[in-house]
Amino acid sequence: MRFLLESEHNDLADTVDDMLGKADLPAAIRSWSDGDRTAALSAWQQLTETGITGLLVPDENGGSGAGVLETVVAIEQIGKHALPGPVVETIAVAPALLTGTPAADSLSALAEGELATVAFRPQAPYAVNTEAAASVLLVEDGAVYRGTPGTVRNSVDATRTVAALDRGELVTDAADVERAFNIGALATAAQLIGLGQRMLDIATEYAKTRKQYGVEIGSYQAIKHQLADVSIGIEMARPLIYGAALDLDGATVDPTWATRDVSAAKVACGDAAYRASRTGLQVLGAIGYTMEHDLSLYLTKTKALLTAWGTPAFHRQRLLAEVTA
């Protein structure tokens, strides 16, 4: 099995990275937190125009007809820039739930830029950013329903609200909900590894320029070792995303490994991103947790995503069950 991306995947990652890098997302994130979603939705529109939001949507429904591997490659870069909104739910989970079902006609709206959010009981009991989503879905008892949001509550990430859903009309009972959940967990892992990379980059750049006693703090062995540990954690976790994506695309020797490999990726990427957040805060000091510094935007989103689409404890237990079965 190959764990290195092909050139077209690298080109896809570069395209998304370059596009979002020009969008001044730190400012858009702060605006979203203050109730103005205009700038962030403009970035979403750019992703739509380049086909990113429709990667998992089949060709016949107006999408790109790509695979899970291409999707997680793009979502890693979206995570790196901390784009606000229901990223995993819109780009990964909703298409996975509706493709191949009688409700597939609604996929064209996703490819055209409609945002969707999904609650998946019991592992993901709350829907995120319901106020920004045109389509609100609830997965329960193996079927997909329309959801009606209850009280909307804030989370540690100021751009990420959560709400419990009341069950509405049945959308489809033909969805492969297990596969959709695995795709949601894996896409969240990709977001986390992107966030970890961004926090590592911020901390590394700071260590190169911040001076104490007349020398850059990055010259101290203790700082070097901390940053090296973060880098190793990220580089060791990232291939697990690709391997699990190949499972879900049916491109491995035994696609039934998907459940095991998705949980392994979610745990490893969560650990790597959390280590990056702690190290970044240690390198920058208290300034890194203030709203004035961009690092805080990535710290809080990392904290919110650690338990999204299955807590670390859930995925460790699921991984143990798969390995010992």
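The values are calculated or read from the model by the stated rules, or taken from the named source; none is laboratory data. The shown structure was predicted, so the numbers you read here are calculated from the model rather than taken from an experiment. Note that we place each Cβ from the backbone using ideal geometry, even for glycine, and neighbour counts take in every protein chain shown.
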query: Any chance region 111-121 includes a residue that's surrounded by fewer than 18 Cβ atoms within 10 Å (Cβ to Cβ) and either touching a helix residue (DSSP H, G or I) at 6+ places or on another chain (Cβ under 7 Å) or part of a helix (DSSP H, G or I) (or both)?
result: yes
message: Can you report the number of residues in region 279-324 which are modelled with pLDDT of 95 or more and assigned to a loop (DSSP other than H, G, I, E, B)?
response: 6
Residue among Arg153, Arg179 that is in contact with a strand residue (DSSP E or B) (Cβ under 7 Å, 6 or more places away or on another chain), surrounded by fewer than 22 Cβ atoms within 10 Å (Cβ to Cβ) and either on the phi < 0 side of the Ramachandran plot or without any contact (Cβ under 8 Å) to a residue 40 or more places away in the chain (or both): Arg153
statement: When Ala23 is run through (1) crowded, with 21+ Cβ neighbours inside 10 Å; (2) at pLDDT below 95, the failure sits at (1)
task: Being crowded, with 21+ Cβ neighbours inside 10 Å, more than 14 Å from the chain's Cα centre (by Cα) and assigned to a loop (DSSP other than H, G, I, E, B) is the filter here, so list the residues in region 30-88 that pass it.
output: Gly54, Leu55, Leu56, Val57, Gly63
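Can we say Gly100 is part of a loop (DSSP other than H, G, I, E, B), at pLDDT below 95 and either acidic (Asp, Glu) or at positive phi (or both)?
Criteria met by Gly100.
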message: Take Ala174 and tell me if it is aliphatic (A, V, I, L, M), in a loop (DSSP other than H, G, I, E, B) and either over 25 Å from Gly79 (Cβ atoms) or in contact with a Gly (Cβ under 6 Å, 6 or more places away or on another chain) (or both).
response: yes
- prompt: Hey, among the residues in region 242-273 that are hydroxyl-bearing (Ser, Thr, Tyr) and assigned to a helix (DSSP H, G or I), which one's surrounded by the most Cβ atoms within 10 Å (Cβ to Cβ)?
  reply: Ser263
task: Restrict the check to region 81-92 and report whether at least one residue is among the charged types (D, E, K, R), modelled with pLDDT of 95 or more and within 22 Å of Asp176 (Cα to Cα).
output: yes
- prompt: Taking region 124-171 as the region of interest, how many residues are assigned to a loop (DSSP other than H, G, I, E, B), in contact with a Ser or Thr (Cβ under 9 Å, 6 or more places away or on another chain) and of a type in the set (A, V, I, L, M, F, W, C)?
  reply: 4
- prompt: Taking interchain pairs and intrachain pairs at least six residues apart, which have beta carbon atoms under 7 angstrom, with the first residue in region 241-254 and under 17 Å from Ala185 (Cα atoms) and the second among the charged types (D, E, K, R)?
  reply: Gly243/Asp261; Ala244/Asp261; Asp247/Asp261; Leu248/Arg179
statement: Within region 287-325, of all residues that are farther than 12 Å from Val262 by Cα and among the acidic types (Asp, Glu), the one nearest to the chain's Cα centre (by Cα) is Asp294
message: Which residue is nearest to Pro58 (Cα to Cα), if the candidates are limited to region 110-135 and must be touching a residue at least 40 places away in the same chain (Cβ under 8 Å) and of a type outside the set (A, V, I, L, M)?
response: Glu112
